[in-house]
Amino acid sequence: MQMQKLLLTIDRISTFVGHAFSWLIVSLTFMITWEVVSRYAFDNPHPWAFDVMSMMYGSLFMMAGAYTLSKNGHVRGDVLYGFFSPRAQASIDLTLYFLFFIPGVFALAWAGYNFAADSWAINEHSNVTANGPPVYPFKTVLPLAGAFLLLQGAVEIIRCILCIRLGEWPSREHDVEEVDVEKLKEMVHVKDEDIAALDKFVVAQEQEHQAHAGATK
């Protein structure tokens, strides 16, 4: 029970970080809109805007990694994986975590730390455009993303070990899920026959409208 609480606590940390950085999407949307209007309506483009947009999206992408891992949402080729028992799935995952995930993410965190340290030391700015924005805040995201991924990866390794011992996957922190169409139909008391009847009605109305428009001409 104490172990499960610890796992869920780290899940919540990853979720909080993912949710916090997800707001960059809103900022990025407004910034792109503002830059397009400024460029085409007022003939006043900003050379640094493209760099800033790239860094904002890159930060979102990197910092959402641990969040996605905590929700078991990373892409997996599960053509065969889904047919395996939980113990077999956990054994495969555990092997792959040690062979690929831990070395790869540790390399990301270590190299990212060195990149960020060098960038801060030289006060690095983007050289893509004149008067480019500072790059060191963005490069700092690299070791941070690696650290959060390693932390969440440790949680997933423990989950694999528990699943191998118990025969079932431990629970996860719940979050937003994709809409289940069948459940939605049950909630609003709609049947497939009702949808088909509505489709026929819409088609009939469209045909009637077209016939009326033709007669008017």
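The values are calculated or read from the model by the stated rules, or taken from the named source; none is laboratory data. All values reported here derive from a predicted model rather than from experimental measurement. Because the Cβ atoms are built from the backbone with ideal geometry, glycine has one as well, and the counts that use them run over all protein chains shown.
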Would you confirm whether any residue within region 165-187 is among the β-branched types (Val, Ile, Thr), modelled with pLDDT of 70 or more and in a helix (DSSP H, G or I)? no
Among the residues of region 32-40, are any among the aromatic types (Phe, Trp, Tyr), in a helix (DSSP H, G or I) and loosely packed, with under 13 Cβ neighbours inside 10 Å? yes
Among 69, 28, the single one that is touching a residue at least 12 places away in the same chain (Cβ under 8 Å), touching a helix residue (DSSP H, G or I) at 6+ places or on another chain (Cβ under 8 Å) and closer than 26 Å to residue 150 by Cβ is 69
Is it true that residue 169 is of a type outside the set (Gly, Ala, Ser) and either buried (at least 18 other Cβ atoms within 10 Å of the Cβ) or without any contact (Cβ under 8 Å) to a residue 40 or more places away in the chain (or both)? no
If I filter region 112-133 down to residues being without any contact (Cβ under 8 Å) to a residue 12 or more places away in the chain and outside any helix (DSSP H, G or I), which single residue comes out as surrounded by the most Cβ atoms within 10 Å (Cβ to Cβ)? 125
